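The block underneath contains the structure these notes are about, expressed in structure tokens.
The values are calculated or read from the model by the stated rules, or taken from the named source; none is laboratory data. Because the structure is a prediction, the values reported are computed rather than measured. Please note: Cβ atoms are built from the backbone with ideal geometry, for glycine as well, and neighbour counts cover all protein chains shown. To get the accessible areas, we keep the full protein, side chains included, count just its heavy atoms, and leave off ligands, DNA and RNA. Shrake-Rupley method; radii C 1.70, N 1.55, O 1.52, S 1.80 Å.
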Amino acid sequence: RKSRRRHNLDGGATVKPLQLLLLTGCRSREVEKLQWRHVDWVNNSIEFSRRRFPMDFQLKEFFVKLKKTTGTEPAVFPGYSIRRGQPDWRAVFSCRYLQKNPSLFSLAKLLGVQDIARVIKYAECLTQQRSSVYSSPFSV
């Protein structure tokens, strides 16, 4: 039986997988199953179930620090499972990504989605944010 780790707000066992979700937009199950052999240090990418995700400097630094703590363990997050009912971290990543780079096609590629219609829902968060910025609290 796998051991479950408790929430640790000092950057420990629970926070690290959540950081990866926010940095990559990967699925919770992909984080649970991620092995060190999926991290390609030479080509600066991570191999998730259906796609390769590019590692920028921040993500590579995240993995370098994390590797020092896991030793020879094959799993990136040994014994960790994400609790169901968590926020949709994939949506959070997508909205943050679209704020910086408003290309649905590049987002679809990062998420490993072939049908662009599946990522259009993430663009709705931008529309909602913009409408709340432009609406005045004094409007009638």
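Tallying residues that are farther than 11 Å from Leu23 by Cβ and either more than 15 Å from the chain's Cα centre (by Cα) or of a type in the set (Asp, Glu) (or both) within the stretch 58-79 yields 14.
Within the stretch 35-54, being open to solvent by less than 20 Å² (accessible area, probe 1.4 Å) and part of a strand (DSSP E or B) holds for Val39, Ser45, Ile46, Phe53.
So that you can scan it fast, the table gives a plain yes or no per residue for (1) under 18 Å from Ala123 (Cα atoms); (2) in contact with a Ser or Thr (Cβ under 7 Å, 6 or more places away or on another chain):
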site: Leu22; (1), (2): yes, no
site: Trp36; (1), (2): no, no
site: Arg51; (1), (2): no, no
site: Phe57; (1), (2): no, no
site: Pro78; (1), (2): no, yes
site: Pro87; (1), (2): yes, no
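Taken over the stretch 33-50, residues that are charged (D, E, K, R), under 15 Å from Leu66 (Cβ atoms) and touching a residue at least 40 places away in the same chain (Cβ under 8 Å) amount to 0.
Taking the criterion of being outside any loop (DSSP other than H, G, I, E, B), modelled with pLDDT of 90 or more, more than 21 Å from Gly112 (Cβ to Cβ) and not polar (S, T, N, Q), would at least one residue in the stretch 13-28 satisfy it? Within the stretch 13-28, not a single residue is outside any loop (DSSP other than H, G, I, E, B), modelled with pLDDT of 90 or more, more than 21 Å from Gly112 (Cβ to Cβ) and not polar (S, T, N, Q).
Taking the stretch 55-112 on its own, how many of its residues are touching a strand residue (DSSP E or B) at 6+ places or on another chain (Cβ under 7 Å) and either part of a helix (DSSP H, G or I) or open to solvent by 50 Å² or more (accessible area, probe 1.4 Å) (or both)? Here the count works out to 3.
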